[in-house]
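A.B. asks: Dropping the structure in here first, questions after.
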Amino acid sequence: MSQGQAATILPGDARHPEHDAFLLELGRSTYQLARVAGACFDILRVLGDHEADELYGDTLGRTVRRLRELADKRPELTDLRALQESLANCLETRNDLQHALPVAGGLQRRRPTDPHFVKDYFTVEALAATTAAFRDVHVALTNVLYRDDGAAVKAWTTRPRA
């Protein structure tokens, strides 16, 4: 930066007037990701007959693998099978966002396996794109869970407990 030239301050920087909006969108994105994880959890319990106790400690990566296994075992769940690429992308985006480190402009993700990879979260719009991607996956997962107008969910919630 030359003498007399002001540094550009981005919304991810705490000094920027839109920093609160940046943080709000970061919260929205994190919440949407939690909704994705919750929908995965419910699909595995309702359609995959998994017990909650065996799922609580799972990472999102393990949960996505369990969903892939469920899709392979249940060929009638074609909509779940079709979501596998979206789930993989969601997991990758989740890792990029959650493992990003604070830098001058906001958050930045670098990967140790690829020295050329850089993902910046410096603006509200960058975070909003992540929020939207997570929201889309959540909606698609909810459609899988309620593909039969909720009959499987109702059967699961009214089943006799041991």
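A.B. asks: Pick from 93, 8, 30, 78: which is more than 26 Å from residue 136 (Cβ to Cβ) and of a type in the set (Ser, Thr, Tyr)? Give the derivation first.
C.D. replies: Values: 93 fails: more than 26 Å from residue 136 (Cβ to Cβ); 30 fails: more than 26 Å from residue 136 (Cβ to Cβ); 78 fails: more than 26 Å from residue 136 (Cβ to Cβ).
One residue alone meets the criteria, 8.
A.B. asks: Please name all residue pairs, on different chains or six or more residues apart, with Cβ atoms under 7 Å, provided the first residue is in region 143-162 and is surrounded by 14 or more Cβ atoms within 10 Å (Cβ to Cβ) and the second residue is among the aromatic types (Phe, Trp, Tyr) and assigned to a loop (DSSP other than H, G, I, E, B).
C.D. replies: 153/146
A.B. asks: Among the numbered criteria (1) loosely packed, with under 14 Cβ neighbours inside 10 Å; (2) at pLDDT 95 or above; (3) charged (D, E, K, R), which one does residue 114 miss?
C.D. replies: Checking residue 114 against (1) loosely packed, with under 14 Cβ neighbours inside 10 Å; (2) at pLDDT 95 or above; (3) charged (D, E, K, R), the one that fails is (2).
A.B. asks: Another question, if that's okay. Just checking, does region 87-108 include any residue being out of contact with any strand residue (DSSP E or B) (no Cβ under 9 Å at 6 or more places or on another chain), at pLDDT below 95 and closer than 21 Å to residue 18 by Cβ?
C.D. replies: yes
A.B. asks: Still on this structure, please answer the following. With of a type outside the set (Ser, Thr, Tyr), at pLDDT 95 or above, within 24 Å of residue 81 (Cβ to Cβ) and touching a helix residue (DSSP H, G or I) at 6+ places or on another chain (Cβ under 8 Å) as the only criterion, which of 60, 70 stands out? Outline the logic, then answer.
C.D. replies: Details: 60 fails: at pLDDT 95 or above.
Answer to the check: 70.
The values are calculated or read from the model by the stated rules, or taken from the named source; none is laboratory data. Keep in mind the model is a prediction, meaning the values are calculated, not measured. Methodologically, a virtual Cβ is constructed for each residue, glycine included, from the backbone with ideal geometry; neighbour enumeration extends over all protein chains shown.
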